[in-house]
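Q: There's a structure below that I have some questions on.
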Amino acid sequence: MKTFLRGLAVIAALGLTVPASAEDAQGQWSGVIAGQLTVVLDVSKSADGQWQATLASPSQSFSAKVEQLTTDATHLSFALPKLQASYQATWDDKAKAWTGTWTQGQKAPLTLKRVPAGTPAVTAPSRPQEKAIAAAVPTYTSEDVKFASSAAGVQLAGSLSVPKGAGPWPAVVLVHGSGPNTRDEEVFGHKIFLVLADHLARQGIAVLRYDKRGIGGSSGDYKTATTHDFADDAQAAVNFLRTRPQINARHLGVIGHSEGGLIAPMLAARDPQLGFVVLMAGPGVRGELLMVEQLAYHSEVDKAARQRAMNQTMLAAIVAERDPEQARSKAQAILEQGEREDLVVQGAAALEAKTFTTPWFRTFLSLEPGPALRAMRQPVLVLNGELDRQVPAKLDLDAMRIALANNPRAVVKELPKLNHLFQTATTGAPAEYGQIEETLAPSALAVMADWIRSQVQ
């Protein structure tokens, strides 16, 4: 998810140009990374005659445009710098395939063969919880709504689910994780907030979920927004619910996932009338420290210590430098040295530096969750999955327990076998997200619904 993710969930569309010799590479090419993950490279021309290529993983419900695509009669290469990934291959005329190496922390063989015309597409994994929602008779109404943020020209679009009956009802606002999320917080084909909203509404809890500014039906500029801006939007959602007669404003809370778990305490600290807070995989430590751990997870074993040291130096330089251009220049210099030492994907330094010095990232790296956590007095339920690889449970829950030590109404739980998306997982690796059919573990849904009901009785 930008996601506190430097991973597959948060890739922005990127343009590129390729030489005219790419004519021979037009079409779709399919292969399997390390014998496990099927990918499809689609090389084509856009309507304005520009070359473009997209790498997709149907089983992960993932697709992204690649950068730095070059090809001739014997060589093919491209990069996905935001994934710290690249591919380099040579043409095997006997096999009629591109034979090469996929590099993403570790190296893996990847042979791409042309997909014959008419070949059936790979079927995406089933999403049984979403199918069940579509098939069930709803016990609540769902209404499209719009409300203004405090920022000029920003109007947010969302969906309000309200249980059928007299009311007024307790209610929650769902606050997304990082990345360009719609109201469903869709990640790898999983509509996380759709499933969560359905479950809560069936338990007698009204739910408002909305598209981020500049995304879906919401206006505004997503690209320049920071966590503080998204917090203002979440506050606008809370304020909007307070105007609705079917909502019990005394029992109005916020559920924040990932970055939303950073935003929710900010709202609670400045809005004492907010009734309760649920944090799903919210950060307990400063963004800079959390990002070091996220990047370390993708490191090659034999380079892990050196990559960690490089990332610590690079991120610390960004945080220390007030001027954005100077921060980018310093980060790029460190990453270019990493390229020379084979610690960074070749050619990725400039884009990596640009990514880590965007307004959002610079804000996130500097944000300390502790002050808001210590200031909030509302009941709070803190949840992390045991197998979370993006917001590690031990690191963040330990910090949360310390910050919330003086709040007698704080409950902190580590949920066994769950990952960052609160799916039942095997390893917790982001590569599993799309392959797992479950969108949200029933155990996690039950814990949240039961706790909220206990607060609003």
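The values are calculated or read from the model by the stated rules, or taken from the named source; none is laboratory data. The model shown is predicted, which means the values in this text are computed figures rather than measured ones. Note that we place each Cβ from the backbone using ideal geometry, even for glycine, and neighbour counts take in every protein chain shown. For the accessible areas, the whole protein counts, side chains as well, though only heavy atoms, and no ligand, DNA or RNA atoms are used. Shrake-Rupley method; radii C 1.70, N 1.55, O 1.52, S 1.80 Å.
Q: Ordered by residue, what ³J(HN,Hα) values in Hz, to whole numbers, does the stretch 204-218 give under the Karplus form 6.51 cos²θ - 1.76 cosθ + 1.60, where θ = phi - 60° and Gly and Pro are x?
A: Taking θ as phi minus 60°, the curve returns x, 10, 6, 9, 10, 10, 8, 7, 4, 4, x, 10, x, x, 8 Hz for the stretch 204-218.
Q: Given the peptides 404-413, 229-238, arrange them by the average over their residues of other C-beta atoms within 10 Å, most packed first.
A: So the order, starting with the most tightly packed, is 229-238, 404-413.
Q: Cross-link list 45/96; 191/223; 191/303; 303/330; 45/94; 65/131: which exceed 24 angstrom alpha carbon to alpha carbon?
A: Violating the 24 Å limit, Cα to Cα: 191/303; 45/94; 65/131.
Q: Which peptide among 295-306, 337-348 comes first, and what is the full order, when sorted by highest mean count of other Cβ atoms within 10 Å?
A: Output ranking for 295-306, 337-348: 337-348, 295-306.
Q: Using helices alone, what [θ] at 222 nm do you get for the chain, with -39,500 (n - 2.57) per DSSP H run of 4 or more residues, divided over all residues and rounded to the nearest 500?
A: -9500 deg cm²/dmol
Q: Right, something else. I need the peptides 416-428, 194-206, 259-271 ranked by packing, meaning the mean over residues of other C-beta atoms within 10 angstrom, with the highest value on top.
A: The peptides rank, most packed first, as 259-271, 194-206, 416-428.
Q: Something else about it: Taking the solvent-accessible surface of protein heavy atoms with a 1.4 Å probe, what is the per residue accessible area of the stretch 288-363 in Å²?
A: Normalised by residue count, the accessible surface of the stretch 288-363 is 47 Å².
Q: How much of the accessible area of the chain, probe 1.4 Å, is carbon plus sulfur, in whole percent?
A: Carbon and sulfur together cover 53 percent of it.
Q: Can you pull the percent of Cα pairs in the chain with separation above 27 Å?
A: More than 27 Å apart: 56 percent of the Cα pairs in the chain.
Q: If you take every DSSP beta bridge fully contained in the chain, what fraction is antiparallel? Give it as a percent rounded to 5.
A: Percentage antiparallel, nearest 5: 70.
Q: Decide, for the stretch 279-336, between rounded, prolate and oblate: order the square roots of the alpha carbon gyration tensor eigenvalues as a ≥ b ≥ c, take rounded if a/c falls under 1.5, and otherwise choose prolate if a/b is larger than b/c, else oblate.
A: Verdict is oblate for the stretch 279-336.
Q: With the Cα gyration tensor of the stretch 297-368 giving a ≥ b ≥ c as the square roots of its eigenvalues, does the rule (a/c under 1.5 for rounded; else a/b larger than b/c for prolate; else oblate) give rounded, prolate or oblate?
A: prolate
Q: Can you work out the FRET efficiency for the pair residue 414 and residue 308, with r the C-beta to C-beta distance and R0 = 30 Å, to the nearest 0.05?
A: 0.80
Q: Using DSSP H assignments, which helices in the chain have an axial alpha-carbon span of 20 Å or above and a mean Kyte-Doolittle hydropathy of -1.0 or higher?
A: 227-242, 304-320, 442-456
Q: Okay, next question. Taking every alpha carbon pair in the stretch 209-252, what does the distance histogram look like in 10 angstrom bins from 0, in percent?
A: 26, 46, 24, 4
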